[in-house]
Structures are given as structure tokens and as C-alpha cells.
Amino acid sequence: MELRHLRYFVTVAEELHFGRAASRLNIAQPPLSQQIRQLEDELGFPLLFRTKQRVELTEAGKVFLEECRLCLAHIDRAIDAAGRANKGEIGRLDIGFVGSATYCIVPFLQRYRLQYPSVNLMLHQMKTTNQIQALHDGRIHLAIVRTPIQSPFLTSKIILKERFIAALPQKHPLTRKRKLHMQDLAGEHFIISSRNNGSIYHDAVIQLCYKSGYRPNVSLEAPEILTIVAFVSEGMGVALVPDSFRNQKNKGVIYRDLEDVEPCLEMSLVWRNDEKSQVLNEFLKCIK
């Protein structure tokens, strides 16, 4: 039994006239009659009563008609769903991201969600090293990390370059200045991330201090930037944070620009070279 047999039968059953059914199907009447006969022979019972004056459904034909309609509707839905999946319009997209990317990636995700509302978007906050391993294991399609990342198996695309700004306790004397220089922070108690939780961010802070002529006095290490900012708000030290954190309204924290600091923090999308997900391809196009 072929799918076309079902479509032929439904058309004949709706028209109850072989001539009109053949016209709808754009085939000749004799082959259509032959196909219906073959279907009945295969089933082992008649679907239609035929006379010279009219065509009627048998009781079995009436039941078979309803089931055929359900079957064909399901097939049509399957074809539509497969087509949408082929276009990346439905499916699942697993994205890993570092905590410091939260505020700068929201516009990208909102834009994608508006364009592809039927995609199941799954977000996983993870350390950079864990994201890279998850990419290799196939547990996520895309990583959003601080770069550079060196791997012959991965492709990366920079989506943002931002500078460091100073995060100061609200009552800190340096808040009287509208803009600062890195040298203004020499001798301050720095709060930074642990290198185990993000070597790129950690190393960038240290190198920036060294370039400014001093070794930072690190008094406290925290697992992520949100925690760092929380400690700053309690007056436990100062910190360098990505410019995107300026939009994070933390009570007790004042942000100041650093005039002698150029954009040095890269945020990138990273994915496997052999990734075949059409959903990911459409995501990359959407935010290009």
C-alpha cells in the first residue's frame, strides 16, 4: 500500500464521482479506478459501492476514510515539521555561557527568540573550561566565552570587545573623580576571580596592573564577577570588571571609567568545526 493510494481514495470518497476525483488529482479516470481496485484487493474488502448512476462508501469505506484523513494529516504535519527543522525553525539549541557574559548576550538572545520562537533554547552557565569540554562531548552546541581559545577542532567568532572599568565601594574617596587612571588604583585592595574559575579574566586584570607599573594587592578571590561586585559593595576592596557590568545596578557600588585602558576583553561564540545543527546555523545568521 502506497501513500498515493490513500490520497486517491480520500479524493474519490469526498467527490463520490470518479470523473471529478480524477480531475482534482490531475490523472485520467481509468488509472484512478484501477488504483482504487488495487487498494481494495490489498485490503481484502470493498471500500465503495459502484453503479452506473452513483458511487457510495461501504461501512468499511466510511471508517477507512476517517482513518486515512488522520493518517494523511499526520504525514502532512511530519513533512511540515521536517521542513521547519531543515530550516532551523524548530528543535533545541543548547548554549553555554560564562557568568560575565550575561548582560552583553541578552540582546542577542532576545533577537533570536523573536525570530525563532519555536526553538527550545537551553542556557547553561558554565566555566570556560567546562564549556569547551561540553562542546567536545556534544552536550552543548555553542559556547559563549572569554577568548582567545586555541583548538584546531573549534571555530570562534568575536561578538564583543570591551574595556575594564573600576568598581568602587560607594564611599571610596576615588568616587569623587569622574574618571580614573590605572595608577589611581595602585595600593588598593583588589578583589579578583580565582584563576581556576576563569584564567582569561584573572590574567587580564593582573597584566593590566603590571602594565601600569605595579603588582595588584589581591586581598580576596571570588568565584565569579557577580560575587566580586557584591564584595565591593560591602567595602571589602576594589575591582576591575567588564564595561557591560555598568548596567548592573548594585547598591553600594560606583563604576568609573579608566582613561588609560583600551578594549582588551573579547567575548566570542565558539562551536565545533563539525557541528551540523541547522538550528545553530540559523542562530549564527541571526546575530551576525
Which of (1) open to solvent by less than 10 Å² (accessible area, probe 1.4 Å); (2) touching a helix residue (DSSP H, G or I) at 6+ places or on another chain (Cβ under 9 Å) does Met126 not meet, given it meets every other one? (1)
Can you name the residue in the stretch 176-199 that is part of a strand (DSSP E or B) and more than 16 Å from Val229 (Cα to Cα) and is also most open to solvent (accessible area, probe 1.4 Å) among such residues? Lys179
List the pairs whose first member sits in the stretch 102-113 and is over 19 Å from Leu226 (Cα atoms), whose second member is part of a helix (DSSP H, G or I) and open to solvent by 70 Å² or more (accessible area, probe 1.4 Å), and whose Cβ atoms are under 9 Å apart, counting only residues at least 6 apart or on separate chains? none
Tally time: how many residues in the stretch 13-35 are out of contact with any Lys or Arg (no Cβ under 9 Å at 6 or more places or on another chain), of a type outside the set (Lys, Arg) and part of a helix (DSSP H, G or I)? 9
Contacts under 7 angstrom Cβ, first residue in the stretch 137-148 being basic (Lys, Arg), partner at pLDDT below 95 and assigned to a strand (DSSP E or B), 6 or more apart: Arg146/Leu265; Arg146/Glu266; Arg146/Met267
Contact list please: Cβ distance under 6 Å, first residue in the stretch 260-288 and under 24 Å from Arg163 (Cα atoms) and in contact (Cβ under 8 Å) with a residue 12 or more places away in the chain, second residue open to solvent by 60 Å² or more (accessible area, probe 1.4 Å) and assigned to a loop (DSSP other than H, G, I, E, B), pairs at least six apart or on different chains. Asp260/His181; Val261/Arg163; Pro263/Arg163
Scanning the stretch 257-288 for residues that are of a type in the set (D, E, K, R) and either in a strand (DSSP E or B) or touching a His at 6+ places or on another chain (Cβ under 8 Å) (or both), the one surrounded by the fewest Cβ atoms within 10 Å (Cβ to Cβ) turns out to be Glu259
Kindly establish whether Ala101 is open to solvent by less than 30 Å² (accessible area, probe 1.4 Å), farther than 30 Å from Cys209 by Cβ and over 14 Å from the mean Cα position of the chain (by Cα). no
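The values are calculated or read from the model by the stated rules, or taken from the named source; none is laboratory data. Remember, predicted model here, so these are calculated numbers, not experimental data. Virtual Cβ from ideal backbone geometry, glycine too; neighbours counted across all protein chains shown. What goes into the accessible areas is simple: the full protein's heavy atoms, side chains included, and nothing from ligands, DNA or RNA. Shrake-Rupley method; radii C 1.70, N 1.55, O 1.52, S 1.80 Å.
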